[in-house]
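Asks: Got a structure for you, written out below as structure tokens; questions coming shortly.
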Amino acid sequence: MTTFEVPGISLAIVKDGKVVVSKGYGVRALGQPAPVDAKTLFGIASNTKAFTATALGILVDEGKIRWDAPVIDYVPWFQMSDAYVTREMTVRDLLVHRSGLGLGAGDLLWWPSSTYNRKEIARRLRYIPLSTSFRSAYAYDNVLYLVAGEVIESVSGQSWEDFVSSRILAKVGMTGSNVRHSDATKKGNVATPHAAVEGKVRPIAPFDSDNTNPAGGINSNAEDMAKWMLVQLAECKLADGSALIKPATARAITTLVTPIPLGPGAPELSAIRPQFNGYGLGFGLRDYRGHKLVTHTGGLPGYVSKVAMIPDQQLGIAILTNQESTNAFEAIANSIMDAYLAAPTTDWVAAYQAIEKRAAAVNAGVTQSSAAARYTSSKPSLPLAKYAGKYRDAWYGDMTIASSGTGLTITFDRTPLLTGTLEPWQHDTFVARWKDRELRADAFVTFSLNPDGTIDIVRMQAVSPETDFSYDFQDLLFRRAGGS
């Protein structure tokens, strides 16, 4: 916690059907004395995805859906940009990140919080071009989990929130947990999210939009995550002996569907380099020192988390934090797994600290190279007022650029937080400096001109390589909206 500047951690360890640790460490908020305990709530972010998969598993067991039935059988209005993919996309495909969408495609429809509702986001998928052919490659996405939530609602008659609360949390005994991003804003025993903003770790505003609850909305704590892992490690048998889902369905959820290519990895991690890696239904699957590892991570502004389970050891670890250091939870998880596996002792804190420092140096180098290559004596081709107007992207919607006495401003019409100034960078490229500095997502905005000097298209990309992938600016293609 000291090395990676993490104010608070909630830790759960289960082994052989029993809770070994359910405990909090540190504080809920920097500068305040309230401690983290076993009941302190944290946003678990994408660790929610396994709950959505389990909810679908319940409906499979009840004969109401089939994993390999087309999504349009249950949500007739569902549509991707390719007619073949629309027709062939199955319920299973919604969960396994092989749709052909690019990494984080469409996330700007909900991140930061937008005025689109869940159905509007799902309907706009039809305008997002595919990056690869269907089922040919792994690329992590969130928006198809929203569609999975729509399947659950269409078939069960309950919202995703009501279904998961009543059919999963209540049955597992996760009485302290809730299912809405917005619940992180409530008072009580809730950890405050923190992040490094302009070089200093400080409290930040929680993500409060409920649009994407099926992809990441659950808030939980050590006590409840221990219960969840005990059920998962028992092939979804509940404490009273009944089944949350059938064992065969539980095995399907933790069976690899989409392979993920193995990279060289950091040298500090060579001893645990996996031999296989892939994604199942809401869980990542790989090996750790020769044992199958069922795992997932989660990330939101100010919260990151990890769940790691080794079924053949009946071992489960959940680490919830209120700062964005994935290196912290990796060091903790590896240390615990190594202890139970009687593996050679490794200083994982030092290893991940070295990885973090190297990544920071690489990212700083990219930023410095970009600045060094800048042609500082260049000027925009047009008077600033000529860049003003309304621009439209097919899948996101409208962006407004306005001219004032002091320069240009930029506003994403459906995303109130994406408002800032446009500072000239070079030629017809500007930098969008967002007013809310907690976003940490400044972006290049480049105007391409027609031969007659009018603006043809506007493209964007993040300034820093550290920008969260859910700011998928690079996928936008803006053109002048009619009449602007």
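The values are calculated or read from the model by the stated rules, or taken from the named source; none is laboratory data. Here the structure is a predicted model, which is why all the values come from computation and not from measurement. In this analysis, Cβ positions are derived from the backbone assuming ideal geometry, glycine residues included, and neighbour counts consider all displayed protein chains. Protein only, heavy atoms only, side chains kept; ligands, DNA and RNA dropped before computing areas. Shrake-Rupley method; radii C 1.70, N 1.55, O 1.52, S 1.80 Å.
Asks: Could you figure out which of (1) in a strand (DSSP E or B); (2) under 23 Å from ALA239 (Cβ atoms) isn't true of GLY26?
Replies: GLY26 satisfies all of (1) in a strand (DSSP E or B); (2) under 23 Å from ALA239 (Cβ atoms) except (2).
Asks: Which ones in the range 376-394 are under 37 Å from the mean Cα position of the chain (by Cα), outside any helix (DSSP H, G or I) and closer than 14 Å to VAL431 by Cα?
Replies: Passing the criteria: THR376, PRO380.
Asks: Here is a further query. Residue by residue through the range 187-246, note down the ones that are among the hydroxyl-bearing types (Ser, Thr, Tyr) and farther than 25 Å from ASP107 by Cα.
Replies: First, pick out the residues of the range 187-246 that are among the hydroxyl-bearing types (Ser, Thr, Tyr): 192, 209, 212, 220, 242.
SER242 - this is the single residue of the range 187-246 that is among the hydroxyl-bearing types (Ser, Thr, Tyr) and farther than 25 Å from ASP107 by Cα.
Asks: I would also like to ask the following. Answer yes or no as to whether VAL27 is open to solvent by 20 Å² or more (accessible area, probe 1.4 Å) and either of a type in the set (Gly, Ala, Ser) or closer than 22 Å to VAL349 by Cα (or both).
Replies: yes
Asks: Next question, about the same structure. Test ARG118 against the criterion of being of a type in the set (Lys, Arg), closer than 23 Å to ARG92 by Cα, open to solvent by 40 Å² or more (accessible area, probe 1.4 Å) and out of contact with any Phe, Trp or Tyr (no Cβ under 8 Å at 6 or more places or on another chain), and give yes or no.
Replies: Details: of a type in the set (Lys, Arg): yes; closer than 23 Å to ARG92 by Cα: yes; open to solvent by 40 Å² or more (accessible area, probe 1.4 Å): no; out of contact with any Phe, Trp or Tyr (no Cβ under 8 Å at 6 or more places or on another chain): yes.
So ARG118 does not fit the description; no.
Asks: Failed condition for THR185, given (1) closer than 30 Å to ARG437 by Cβ; (2) of a type in the set (S, T, N, Q); (3) open to solvent by 60 Å² or more (accessible area, probe 1.4 Å); (4) more than 21 Å from the chain's Cα centre (by Cα), with all others met?
Replies: All conditions are met except number (4).
Asks: For the range 300-347: of the residues being among the aromatic types (Phe, Trp, Tyr) and open to solvent by less than 50 Å² (accessible area, probe 1.4 Å), which is farthest from PRO214 (Cα to Cα)? So that I can check it myself, show each step before the final result.
Replies: As a first pass, look at the range 300-347 and keep what is among the aromatic types (Phe, Trp, Tyr): 303, 329, 340.
Remaining after also requiring open to solvent by less than 50 Å² (accessible area, probe 1.4 Å): 303, 329.
Numbers: TYR303: 17, PHE329: 23 Å.
So the residue we want is PHE329.
Asks: Another question about this same structure. Sort through ARG392, ARG374 and tell me the only one that's of a type in the set (Lys, Arg) and farther than 29 Å from PRO129 by Cβ.
Replies: Details: ARG392 fails: farther than 29 Å from PRO129 by Cβ.
It is ARG374.
Asks: Then there's this: Restricting to the range 289-304, what's the tally of residues that are over 12 Å from the mean Cα position of the chain (by Cα), assigned to a strand (DSSP E or B) and not basic (Lys, Arg)?
Replies: 4
Asks: Search the range 321-344 for residues that are under 22 Å from LEU30 (Cα atoms) and pair each with any residue that is part of a helix (DSSP H, G or I) and among the charged types (D, E, K, R) when their beta-carbon atoms are under 6 Å apart and the residues are at least 6 apart or on different chains.
Replies: These pairs meet every condition: ASN327/GLU356.
Asks: Still on this structure: Does any residue of the range 261-281 turn out to be crowded, with 23+ Cβ neighbours inside 10 Å, out of contact with any Gly (no Cβ under 7 Å at 6 or more places or on another chain) and either touching a residue at least 40 places away in the same chain (Cβ under 8 Å) or of a type in the set (Ser, Thr, Tyr) (or both)? Working first, answer last.
Replies: In the first step, residues of the range 261-281 are kept if they are crowded, with 23+ Cβ neighbours inside 10 Å; the result is 281.
Still in the running and out of contact with any Gly (no Cβ under 7 Å at 6 or more places or on another chain): 281.
Of the ones still in play, those that are also either touching a residue at least 40 places away in the same chain (Cβ under 8 Å) or of a type in the set (Ser, Thr, Tyr) (or both) are 281.
Yes, the range 261-281 contains a residue that is crowded, with 23+ Cβ neighbours inside 10 Å, out of contact with any Gly (no Cβ under 7 Å at 6 or more places or on another chain) and either touching a residue at least 40 places away in the same chain (Cβ under 8 Å) or of a type in the set (Ser, Thr, Tyr) (or both).
Asks: Let me ask something additional. Out of all the residues in the range 391-400, is one or more closer than 26 Å to THR367 by Cα, among the polar types (S, T, N, Q) and either touching a residue at least 12 places away in the same chain (Cβ under 8 Å) or open to solvent by less than 50 Å² (accessible area, probe 1.4 Å) (or both)?
Replies: no
Asks: Checking the conditions here, which among TYR352, TYR375, TYR396 is more than 30 Å from LEU449 (Cα to Cα) and not β-branched (Val, Ile, Thr)? Outline the logic, then answer.
Replies: On the way: TYR375 fails: more than 30 Å from LEU449 (Cα to Cα); TYR396 fails: more than 30 Å from LEU449 (Cα to Cα).
Criteria check complete, one pass: TYR352.
This table checks each residue for (1) modelled with pLDDT under 95; (2) part of a helix (DSSP H, G or I); (3) among the hydrophobic types (A, V, I, L, M, F, W, C).
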position	(1), (2), (3)
ASN327	no, yes, no
GLU330	no, yes, no
ALA333	no, yes, yes
ALA350	no, yes, yes
ASN363	yes, yes, no
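Asks: If I filter the range 58-78 down to residues being among the charged types (D, E, K, R) and in contact (Cβ under 8 Å) with a residue 24 or more places away in the chain, which single residue comes out as most open to solvent (accessible area, probe 1.4 Å)? Outline the logic, then answer.
Replies: Filtering the range 58-78 down to residues among the charged types (D, E, K, R) leaves 61-62, 64, 66, 68, 73.
Applying the additional criterion that residues be in contact (Cβ under 8 Å) with a residue 24 or more places away in the chain yields 61, 64, 66, 68.
On the way: ASP61: 43, LYS64: 101, ARG66: 139, ASP68: 90 Å².
For the range 58-78, the residue satisfying everything is ARG66.
Asks: Find all pairs meeting these conditions: Cβ atoms under 6 angstrom apart; at least six residues apart or on different chains; first residue within the range 173-186 and under 14 Å from THR212 (Cα atoms); second residue assigned to a helix (DSSP H, G or I) and open to solvent by 30 Å² or more (accessible area, probe 1.4 Å).
Replies: Note: pairs meeting the criteria are VAL179/SER165.
Asks: Kindly establish whether THR406 is farther than 28 Å from ASP452 by Cβ, open to solvent by 40 Å² or more (accessible area, probe 1.4 Å) and touching a Lys or Arg at 6+ places or on another chain (Cβ under 6 Å). Lay out the reasoning, then the answer.
Replies: Values: farther than 28 Å from ASP452 by Cβ: yes; open to solvent by 40 Å² or more (accessible area, probe 1.4 Å): yes; touching a Lys or Arg at 6+ places or on another chain (Cβ under 6 Å): no.
For THR406, the condition - farther than 28 Å from ASP452 by Cβ, open to solvent by 40 Å² or more (accessible area, probe 1.4 Å) and touching a Lys or Arg at 6+ places or on another chain (Cβ under 6 Å) - is not met.
Asks: Can you confirm whether GLN32 is open to solvent by 40 Å² or more (accessible area, probe 1.4 Å), in contact with a Lys or Arg (Cβ under 6 Å, 6 or more places away or on another chain) and more than 21 Å from THR249 (Cα to Cα)? Break it down into steps so the answer makes sense when it comes.
Replies: Details: open to solvent by 40 Å² or more (accessible area, probe 1.4 Å): yes; in contact with a Lys or Arg (Cβ under 6 Å, 6 or more places away or on another chain): no; more than 21 Å from THR249 (Cα to Cα): yes.
Taking the combined requirement at face value, the residue does not satisfy it.
Asks: Would the range 156-166 turn up any residue that is open to solvent by less than 20 Å² (accessible area, probe 1.4 Å), farther than 16 Å from LEU56 by Cβ, at pLDDT 95 or above and hydrophobic (A, V, I, L, M, F, W, C)? Steps first, answer last, please.
Replies: Let us first name the residues in the range 156-166 that are open to solvent by less than 20 Å² (accessible area, probe 1.4 Å), namely 160-161, 163-164.
With the extra rule that they be farther than 16 Å from LEU56 by Cβ, the set shrinks to none.
No, because not a single residue in the range 156-166 is open to solvent by less than 20 Å² (accessible area, probe 1.4 Å), farther than 16 Å from LEU56 by Cβ, at pLDDT 95 or above and hydrophobic (A, V, I, L, M, F, W, C).
Asks: If you check LEU59, LEU101, LEU130, LEU146, which single one turns out to be among the hydrophobic types (A, V, I, L, M, F, W, C), at pLDDT 95 or above and in contact with a Pro (Cβ under 6 Å, 6 or more places away or on another chain)? I'd like the intermediate steps shown before the answer.
Replies: Numbers: LEU59 fails: in contact with a Pro (Cβ under 6 Å, 6 or more places away or on another chain); LEU101 fails: in contact with a Pro (Cβ under 6 Å, 6 or more places away or on another chain); LEU130 fails: in contact with a Pro (Cβ under 6 Å, 6 or more places away or on another chain).
One residue alone meets the criteria, LEU146.
Asks: Is there a residue being on the phi > 0 side of the Ramachandran plot and either among the charged types (D, E, K, R) or open to solvent by 50 Å² or more (accessible area, probe 1.4 Å) (or both) anywhere in the range 355-363? So that I can check it myself, show each step before the final result.
Replies: So the first thing to find is which residues in the range 355-363 are on the phi > 0 side of the Ramachandran plot, and the list is none.
Scanning the range 355-363, I find no residue that is on the phi > 0 side of the Ramachandran plot and either among the charged types (D, E, K, R) or open to solvent by 50 Å² or more (accessible area, probe 1.4 Å) (or both), so the answer is no.
Asks: What's the number of the only condition in (1) open to solvent by 30 Å² or more (accessible area, probe 1.4 Å); (2) more than 23 Å from ASP468 (Cα to Cα) that THR297 fails to meet?
Replies: Of the numbered conditions (1) open to solvent by 30 Å² or more (accessible area, probe 1.4 Å); (2) more than 23 Å from ASP468 (Cα to Cα), the odd one out for THR297 is (2).
Asks: Now, a different point. Output the residues belonging to the range 94-141 that are part of a helix (DSSP H, G or I) and touching an Asp or Glu at 6+ places or on another chain (Cβ under 9 Å). Before you say what the answer is, go through the steps one by one.
Replies: Of the residues in the range 94-141, the ones part of a helix (DSSP H, G or I) are 94-95, 107-109, 118-127.
ASP107, LEU108, LEU109, ARG118, LYS119, ALA122, TYR127 - these are the residues of the range 94-141 that are part of a helix (DSSP H, G or I) and touching an Asp or Glu at 6+ places or on another chain (Cβ under 9 Å).
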